[in-house]
Every structure is written in C-alpha cells, then in structure tokens.
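To start, the structure itself, in structure tokens.
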Amino acid sequence: MGYALLTAKNYKSDLSPRVNVVFGELLLRDGPYRSPREVSLHLIGVYEWATGVLVLIGDVLFEDVQSAVQKLYTAFNDAHTHGPAHSLTAQNITQEAFIQALAPRFTEHRKQFAGSRPNAQRHKGVASQCPFIASFAIARGSYSDSLPQENEYTSLSTGPGAASPGQGVPDPSGASILESARGDVGADIAPGFLSNGVGPPAGAEEHVSEQDEMVRMHGTFESDACKTKMTIELSTLDTDKLFGKAINYTLLVTVVAFAQVIVLIRQMEMTSTQAGARRVSLMTVGLQAVADSYLCLGHLTMGIAVQSLFNAFATAAFFKFICFSIFLMRWMLLIWKARRPSGFSEGWEAMRRELSMLYSRFYGSLLLGIFLLYQMQNHIRLFVFALYAFWVPQIILNVVEDHRRPLLPIYIIATSVTRLAIPLYFWGCPQNFLHIQPQPSSVMALVAWLAIQVIILLSQYKFGPRWFIPKAFLPEKYDYYRPLPMGDEGLEDDIEAQEGTREEDEEGSDKRPLVGGMSNEPKRECCICMESVGVHARDRMVTPCNHFFHAICLERWLEVRLECALCRTAVPPP
C-alpha cells in the first residue's frame, strides 16, 4: 500500500504516428509522505496512443544504447495487456527499425541527463541496482474526450505498420479501433481515447501537450534483479487541489509576514535611541534575519520551479525579503551603531569599515547556515531547533548586562507565534501540499522549546533580568537609591559647594520623611525637570558622580543615554 508518482513526457517518434517515445521518472514511496527511503527510478518507454498502452524500462541510462532500446522492444512485444495482435511485430515494425528510430532520441536524452547530473554513477543507490519493466494501460471508461472525425483519425494513423488511409487500425476482433471505440464501453480500447488531443496536430511543438482529462491507469512493475513485482494504480494528479493548497499556504505566509512587520515597527520605535538599542541582542535579531532570508530564497525557488504558482510564491518571498532586508537589517545597524559609536563618529572610512564588518558577518553566517543545512539534510529538525533559539541570546544579554525591559511583551509573543506558523504547517498539517509526514513529537517539542524562552523573557520583564540567579553569584551592582552616609564630609561639601547656602523649604512644598533625623532637608535642583529634589528623599536617585535627580526623570533619561544628565559621565544601567 505504497505511493507511486509517474512523471513522463511523450514525444513524436520517427517510428510510427501511433507510437510515441517516453522519458520520465517513477517515484516509489513507502506511504503517501516523503521520506529518506523513497526510490526514484529513471525510465524510457514507448506509448501507443491508439490503445493506451505504456511500456517502460529502467534504470538503463548507463547501459549501452542499442541494448537498452532492444530490451524496450522485447518488453513491448511481451506486454499482454491488449493481446499479441497489438505488438510491434503485428504492426510490421522490426527490431532494426525500432532501434534505428529510437536510438538517437535515447542518446540525446542521456546527454541531457548527464549534463544536469554530472556526478551520477551507475551503481549508486537502489535505483541503479534494480532495472525494471513496467507496463500500464488506460483503465476502461476513465477517458471521456470526444472522438475525432474519421478523416482526422486516418490521417494520423498512416506510417510504418499503420493501416492505409480510410481503413482504420485493425484490432484483435478484426474491426477497426475507431469502430471499437465508438462501440461498447467495456471494449479493450479505452472509449473516446482517440481524440484530437492525443496525437500531435500538424505544426505543433514536438512535445505532446498535456491533457486536461482525469485519466486512470493500471499496470505492473517487475524487477528480476531485485525479485520485486507489484501492481500499481495511477490516476492523473489533481493539480487544481494541489495548487489550491499551495496558494492557501502562501496566503498564510503573507499574513504572518505582515503581522511580523507591524510588531517589528512598534518595537523599533521603542529602541530607536542609543540606550534602547544597546539593550537588544544583535544575535537575536540576526537569527531572525537569517531565518527570513532562508524562507525568502525557498519560496522564490519554489515559485521558479512551478511556473503556474510563481505569482503566489513570489509574493510570499517578497514579504519575507521586506522583513529581513529592510526592517531587521536596519535594526541590526542601529544596534551595531549603539554598541560601537566611535566607529560611526570618526569619519567616512571608519564608518565604511563598520558597515563592511556588519554585513560580512551577516552574509557569512547566512552562507555557513546554507552549508550546514546541506550537510544536515537527514537531521533537519536539529537545524530548525537551533534556528528557533533566537530568544536565548537576549536572555543571556539581559542577565549579563542587567538590562531591564529591552523588548515589548507584544513583540515577544507575536513574533514567537507567527514564526511557529510555517514549521507547524509542515509538521502538523497532514494535508500539506509538499506531502511531508506529520511529526507530532517535533511539533510539541518545538512549541515547548520556544514557550520556555518566551516565559523566561516575560518573567525578566516583570521581575527583573536576574531574578532566577542566586544573589551569591551576582556581581556587585551600583545602587542609584543609595543613602547619603552621615558624616560623609566630601559628599556634603560637594552639595554645599553646588547649592551655596541651604534655604528653608517654601510653604506648601512637598515634605517627605527625613533620613538621619535632619530637621531641614537639603534641596538640589534636578537638571532634567528643573524642580527641586530632596537629597535625603526616598524617591530620588543619585549617580556615581554624586548628582541627584528625581527617580522618574533619571529612569527616562537612562532609557535614552547611559550617562549623567549633568556632567555627561558614563553611568551603569539602572
């Protein structure tokens, strides 16, 4: 109960108008989903359009041309689907004429195959070790195209081994195929199979055009070398349903990319300042940009491979291109500039070096990821899990540098949910358009892996970046709310020198509880809001350079610049 996919094209041959030469590929799977165990077999064959018989042999691309074509001649004569009267011998087509007509085309096909796959070898994989013969026939009643006029049919049936014009082609019962096709549906010849679209019209391209009809075929696959024999039932691929699934998928990708852009713009506005950009991990943004670049390349390649779906996949690729090339790359540049401000303030040459360093690291990581993806084809899940660890660098940066609330919760949640959409589609949807087998365990593991990162980030946002680290392991941190030590003459002299003489509090001023039992609290001027701030008040903050500010004023200032608002001395993050 496996899965077979036959992709074949039939071409006109110099042998007979009713016999076409066929080249293609037969894919065998152990079930409907893709897996590393699937086998791809290259084939050649002949197709007699008047009877609907298709005989294929393979894998003979590395054999001698004459022996391969001779094997095909024998296989077609031995096919008993429609009886010996339909064999090439009955049509007066000799083996020499058969080889002479098909050998040049087969040689040309082998050259094209060798050009497209130069590293292909004869004894490589199961496909090359199992030469086979397959014969198929159109199932009765499965083809319903209209019949041609008799003069059109007879004009197509002339040639070596064909009946004379106006006579039709004889079948085993002695009646013409044209008469049989117009007669009983249960006849050996598929009813309505003789149509204008079956044979190549005059002046048409050499390749026979594909049919819009849904055709069913049944046949056998036999390999003596591998002692394998199986029955295969084929039906025309429902491309409308398949393309519909693909278009729905591209709509999903487009909506997801649009949502990512919206939350990304909001987050970039919050971190547009130097201090805000310093709190964001460059690697976190870089991993997201690399993932979007892979998705852009993948969707664009898929659109090129399937021309009828190019517009849909190109749209999805365009939105992913917008995400990583405009927004994420711009955000990376802001972070890089915030962490290396000197390189952007020392002239054009220094700025160019900084830009070159940033872009070379990004595209170097991109190429390294492509190489690893190629090497890890059988371990794609590990690659995906590594790519979806993009919140880990931000968590580590928050702990190391004690950054408070670097990212908005809406950005964290929305980005995580939208980036899960694509892997969950292929691993969780049993009807995905690529026929990838669902992996419930991988889905649950990926969701749990990203959920753990999100929970840690949100807890850092609420409880502080180091709440889960024991205090014994934490480095000493500067306290902006440190009390004024009583008897600190140096600090008090600095206060008196800057404020001159102490004045009594004006009537109606804010009187807060005093520290140290002082009856008159000294006042300073907050240079941010230009209001007075109590030196010993509980809601004031003092910098390492002994300058006092309102707590809310200094916190807002430090979100913009990590320096003292009065003397411009660098200060640690709060």
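The values are calculated or read from the model by the stated rules, or taken from the named source; none is laboratory data. Values in this document were obtained by computation on a predicted structure and should not be read as measured data. Cβ placement follows ideal geometry from the backbone for every residue including glycine, while neighbour counts extend to all protein chains displayed.
The C-beta contact set for the range 375-390 (first residue under 11 Å from residue 446 (Cβ atoms), second residue modelled with pLDDT of 85 or more and among the hydroxyl-bearing types (Ser, Thr, Tyr), distance under 7 angstrom, 6+ apart or interchain) comprises 381/442. Considering the range 15-39, the residues that are assigned to a strand (DSSP E or B) and charged (D, E, K, R) include one that is nearest to residue 75 (Cα to Cα), namely 25.
Summed over the range 234-281, the residues that are surrounded by 15 or more Cβ atoms within 10 Å (Cβ to Cβ) and touching a strand residue (DSSP E or B) at 6+ places or on another chain (Cβ under 7 Å) give a count of 1.
Considering the range 547-574, the residues that are assigned to a loop (DSSP other than H, G, I, E, B), in contact with a Cys (Cβ under 7 Å, 6 or more places away or on another chain) and free of Cβ contacts under 8 Å to residues at least 24 places away in the same chain include one that is farthest from residue 478 (Cα to Cα), namely 567. Return a yes/no flag: does the range 42-60 have any residue that is over 23 Å from residue 215 (Cβ atoms), buried (at least 18 other Cβ atoms within 10 Å of the Cβ) and modelled with pLDDT under 80. Within the range 42-60 (the criterion being over 23 Å from residue 215 (Cβ atoms), buried (at least 18 other Cβ atoms within 10 Å of the Cβ) and modelled with pLDDT under 80), the answer is yes, since at least one residue qualifies. Filtering the range 7-41 to residues that are in contact with a helix residue (DSSP H, G or I) (Cβ under 7 Å, 6 or more places away or on another chain), modelled with pLDDT of 85 or more and within 20 Å of residue 223 (Cα to Cα) leaves only 23.
Among the residues of the range 303-334, those identified as without any contact (Cβ under 8 Å) to a residue 60 or more places away in the chain and either acidic (Asp, Glu) or crowded, with 21+ Cβ neighbours inside 10 Å (or both) are 303, 317, 324, 332.
For the range 385-394, the set of residues classified as buried (at least 20 other Cβ atoms within 10 Å of the Cβ) and in a helix (DSSP H, G or I) consists of 394 only.
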